[in-house]
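J.: This is the structure I want to talk about, given as structure tokens.
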Amino acid sequence: MPEAPPRAFAATGPQLTASVREATNGVTHVCLAGELDLSTVPEVEQLLADRSGDGCVVLDLNRLGFIDSTGISLILRAYADAQRDGWELQIVPGSEEIQRVFRLVDLEGRLPFIGHSARRGPDGSMP
């Protein structure tokens, strides 16, 4: 069965552009460009809350230029929500500068980055 064209949505804040494509196969692609920080986290938090459910959300950090601790916390909360509520979160890695932040706080191997294998215990839990 052919997939319908994705629906597009774009939101622009002072330092962030978020675009959302929803496909009929249950995958929602959220692409962030700009800065994910204290001033832009609430907008992204709402976007993710509106799209989480039984499907898969792909959070694309490839065009992100900056992330601070509130952005990291948002991603951690989204991952915890996905595990608790039974939906899937996948993360497209950001630039080397963005990924360096995840490495510094020892999260690069613990979050579901596409193309990275997360370190998990035998029961599937994070160490």
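J.: In segment 24-56, what residues are of a type outside the set (D, E, K, R), surrounded by fewer than 17 Cβ atoms within 10 Å (Cβ to Cβ) and at pLDDT below 85?
T.: Thr24, Gly26, Gly53
J.: In addition: Please determine whether any residue of segment 2-10 is at pLDDT 90 or above and either touching a Ser or Thr at 6+ places or on another chain (Cβ under 9 Å) or surrounded by 15 or more Cβ atoms within 10 Å (Cβ to Cβ) (or both).
T.: no
J.: Right, here's the next one. Within segment 95-116, is there a residue that is polar (S, T, N, Q), touching a residue at least 12 places away in the same chain (Cβ under 8 Å) and under 22 Å from Ser52 (Cβ atoms)?
T.: no
J.: State the number of residues belonging to segment 71-87 that are surrounded by fewer than 17 Cβ atoms within 10 Å (Cβ to Cβ), touching a helix residue (DSSP H, G or I) at 6+ places or on another chain (Cβ under 9 Å) and modelled with pLDDT of 95 or more.
T.: Going through segment 71-87 one residue at a time, the tally reaches 2.
J.: Pick from Val92, Val101, Val105: which is within 14 Å of the chain's Cα centre (by Cα) and either crowded, with 18+ Cβ neighbours inside 10 Å or not small (Gly, Ala, Ser) (or both)?
T.: Val92
J.: Give segment 111-127 a look and list any residue that's modelled with pLDDT of 50 or more and touching a Pro at 6+ places or on another chain (Cβ under 8 Å), or say none.
T.: Result: Phe113, Ile114, Gly115, His116.
J.: Could you give every pair whose Cβ atoms fall below 9 Å, whose first residue belongs to segment 21-33 and is hydroxyl-bearing (Ser, Thr, Tyr), and whose second residue is in a strand (DSSP E or B), counting only separations of at least 6 or pairs across chains?
T.: Thr28/Val20; Thr28/Arg21; Thr28/Glu22; Thr28/Cys56; Thr28/Val57; Thr28/Val58
J.: Pull out all pairs, ordered by first then second residue, where Cβ-Cβ is under 7 Å, the residues are six or more apart or on different chains, the first lies in segment 62-88 and is acidic (Asp, Glu), and the second is surrounded by 15 or more Cβ atoms within 10 Å (Cβ to Cβ).
T.: Pairs found: Asp68/Asp37; Asp81/Ser52; Asp85/Ser52; Glu88/Cys56; Glu88/Ala82.
The values are calculated or read from the model by the stated rules, or taken from the named source; none is laboratory data. The structure displayed is predicted, hence computed values, not measured ones. Cβ atoms come from the backbone with ideal geometry, glycine included; neighbour counts cover every protein chain shown.
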